[in-house]
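The values are calculated or read from the model by the stated rules, or taken from the named source; none is laboratory data. What you see is a predicted model, and the numbers here were worked out from it, not measured in a lab. Positions of Cβ are generated from backbone atoms using ideal geometry, with glycine treated the same way; all protein chains shown enter the neighbour counts. SASA here: full protein model, heavy atoms, side chains in, ligands and nucleic acids out. Shrake-Rupley method; radii C 1.70, N 1.55, O 1.52, S 1.80 Å.
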Amino acid sequence: MKRIVAKEEFCIGCGLCEVYCTVQHSQSKDIIKAYNRENPRPISRVRREVNKPVSFAVQCKHCEDAPCVVACLSGAMKRDESTGLVLHDAEKCMGCWTCIMVCPYGAIKMDASSKVVSKCDFCFGLEMPACVANCPNGALVLMEVKP
Amino acid sequence: MAKYVIVGASAAGISAVEAIREVDPVGTVTVISEELCPQYSRPMISDLVSGKADFKKMLCRDSQFWVKNNVEALTGQKAVSLNLKEKYVVLENGNCVSFEKLLIATGGKPFVPKIEGAEKNGVFTFTKLADAERLSAMLEKAQNAVVVGGGLIGVSVTEALVKRGLKVTLVELQDKILSLILDATASEIVADLMEIAGVTIVTGQSVQRILGKPEDESSVGGVVLTNGEEVQCDIVIIAIGVVPRTELVSGTDVKTNRGILVDRFMRTSAPDVYASGDVAEAYDFVYGENRLLPLWPLAQLEGKVAGYNMAGKKAEYPGGTVMSSLKYFGIPIISIGLVNPKNPHDYEILTCYDPTRRVYKKLVLKGNAIVGILLLNDIERAGIMFNLMKNRVNVKKFKQALLSDNFGLATLPPSLRKTLYLEV
Ligand SMILES: Cc1cc2nc3c(=O)[nH]c(=O)nc-3n(C[C@H](O)[C@H](O)[C@H](O)COP(=O)(O)OP(=O)(O)OC[C@H]3O[C@@H](n4cnc5c(N)ncnc54)[C@H](O)[C@@H]3O)c2cc1C
Ligand code: SF4
Ligand code: SF4
């Protein structure tokens, strides 16, 4: 199973991961349109944290025994059996914020509508998540972890 | 081949089924459920009333859940007694279901105080799908409602009624609403928003009598408050609280306090009998003792722990605490643990309040460890704080940063980050 791992020592805090995540999860998939025209503006599901000199990107770790899945009030947060990823079904979500309360990484956000939550979906369907593919300094990498 | 029987098939029962099946794919599993389609999200019944959710959205497991998990689902059937010596459950229709391992996941039932007129048409409790359906059906003709009880359930049904265009009066006996999970500042912020939405909040009062309509005595026409004041309404919703449904175990060897007492493996005092969810009194890690904590995430976690242990995989319940998240009246709120201690001087209390953004944050510390978290509007880092709280981390060195706008994992000292988190 592949997972995204942050390399703190290589992160320069540029925030391109946030930009590319936003674009990837926008309707247009176009950087100009995503930032200027889409309303509500799509949000980034990865968070750049800076506390100088430290910086790194945080996104959902698709935890084993994921607390968000155990807590979810609606069944919207689920483990996908075939990939092992923790995926969120926005149609089912009731926006109760329970998962936000229990995620130890703070990796779940309210989406732009503030009615449901949103989090890293590993760019489901893409070979390489957008943040990893576009990090200019190799501070986000895909690594094989044991299932 | 093991034989598992589960009474009650909501949060706790469903999670137990999933855990049992993870460990034991072949044993026979039977669930007994009074509700016909129990696999729905109970907290979502308000969304059904408001129109935000339909029944399909409410299903927290799909309609094939029981079949897929090879479970015999006796739905629409009530368990009426237990024979723990010979190990069987007696159903209302007289049938007996024998078990090797039994889980009681019967949840709670609404507490209804004696109020004159409570039998009238238009008086509701609000804890199950059927309540929401009956209530919804009456709303076309109703204009005014009185909700008795300003707790989580009362506030949630109030919002749904407001969305359906009703004028709502919320009556709360305490001096503020949501008094179990908010402090005075937070409660006032929520009360303001509710009043802006058109809700009338009456505190320090209760309903002493429910009146009929002049033309029809059997239908609700109003209520009389304890101070004698009358409020006209077509609907009364009693949402004072829930009490554990322990009746099944009364007169058996299963020990109860207010709920069924369980150990950290969800075992009751009787061999091979487990309990989980709202019916159980399980471990609270803030108080360091067993307490009633009627919350969906804890019911699921307890059910999961029970299921593993029933199927022979040892699992220990880490403990829970009061942990509520609210979405009502447009203000996201998270409240965990001891947010409003009775003796505030015994604690260190950190707060920050920005009235213009309605952002309010409060942390309650004891010996430099977090024991309470209350967040309004800025809630996205709550889980990181909760993780510090669960692990009883000494926060002395970064205390001031906890409430800052950019608090996050990068705020934590590197050594702490490495011990708490495998990555990052
Ligand atoms: C309106 C509302 C809003 C809520 N909002 C939240 C929220 O935001 N966050 C949160 O954490 N919690 C919330 N809760 C609480 C949450 O729903 C409960 O904690 C949770 O449902 C408990 O699950 P349980 O499996 O223990 O029991 P329950 O959900 O109560 O289910 C018990 C089941 O057992 C059945 N049963 C009982 N006795 C028998 C018997 N003798 N024979 C057969 N069947 C039987 C019942 O019919 C029921 O189907 C809310 C509750 C309500 C009503
Ligand atoms: S959202 Fe948080 S709790 Fe859920 S799997 Fe991702 S990191 Fe884990
Ligand atoms: S906000 Fe959505 S995904 Fe999160 S716990 Fe609530 S229903 Fe589940």
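Here are some notes:
- Residue tally, condition under 14 Å from residue B:8 (Cβ atoms) and of a type in the set (Gly, Ala, Ser), over region B:78-128: 4
- Inside region B:143-175, residues that are under 17 Å from residue B:226 (Cα atoms) and open to solvent by less than 40 Å² (accessible area, probe 1.4 Å) make up a count of 9.
- The listed residues are B:383, B:372, B:337, and the only one of them that is open to solvent by 10 Å² or more (accessible area, probe 1.4 Å) and within 26 Å of the chain's Cα centre (by Cα) turns out to be B:337.
- Note on region B:313-364: enclosed strands (runs of 3 or more DSSP E) holding 3 or more residues that are free of Cβ contacts under 8 Å to residues at least 24 places away in the same chain are B:348-354.
- In region B:83-117, of all residues being of a type in the set (Gly, Ala, Ser), open to solvent by less than 40 Å² (accessible area, probe 1.4 Å) and part of a loop (DSSP other than H, G, I, E, B), the one that is farthest from residue B:258 (Cα to Cα) corresponds to B:117.
- Entirely in region B:176-230, the strands (runs of 3 or more DSSP E) that have 1 or more residues that are without any contact (Cβ under 8 Å) to a residue 24 or more places away in the chain and in contact with a strand residue (DSSP E or B) (Cβ under 8 Å, 6 or more places away or on another chain): B:220-225
- All conditions in (1) free of Cβ contacts under 8 Å to residues at least 12 places away in the same chain; (2) within 10 Å of chain A (Cβ to nearest Cβ); (3) surrounded by fewer than 22 Cβ atoms within 10 Å (Cβ to Cβ) hold for residue B:419, with the sole exception of (2).
- Of the set (1) touching a Pro at 6+ places or on another chain (Cβ under 8 Å); (2) within 23 Å of residue A:141 (Cβ to Cβ); (3) within 12 Å of chain B (Cβ to nearest Cβ), all apply to residue A:96 but (2).
- Test set (1) surrounded by fewer than 17 Cβ atoms within 10 Å (Cβ to Cβ); (2) within 24 Å of residue A:128 (Cα to Cα); (3) not hydroxyl-bearing (Ser, Thr, Tyr) - residue A:38 fails condition number: (2)
- One residue from A:74, A:113, A:26 being among the hydroxyl-bearing types (Ser, Thr, Tyr), open to solvent by less than 10 Å² (accessible area, probe 1.4 Å) and more than 16 Å from ligand 1 (Cβ to nearest atom): A:26
- Residues that are within 9 Å of another protein chain (Cβ to nearest Cβ) and touching a residue at least 60 places away in the same chain (Cβ under 8 Å) were ranked within region A:41-71; the one that is farthest from residue A:96 (Cα to Cα) is A:56.
- Whichever residue in region A:88-109 is under 12 Å from the mean Cα position of the chain (by Cα) and open to solvent by 20 Å² or more (accessible area, probe 1.4 Å) and, among such residues, is nearest to ligand 3 (Cβ to nearest atom): A:88
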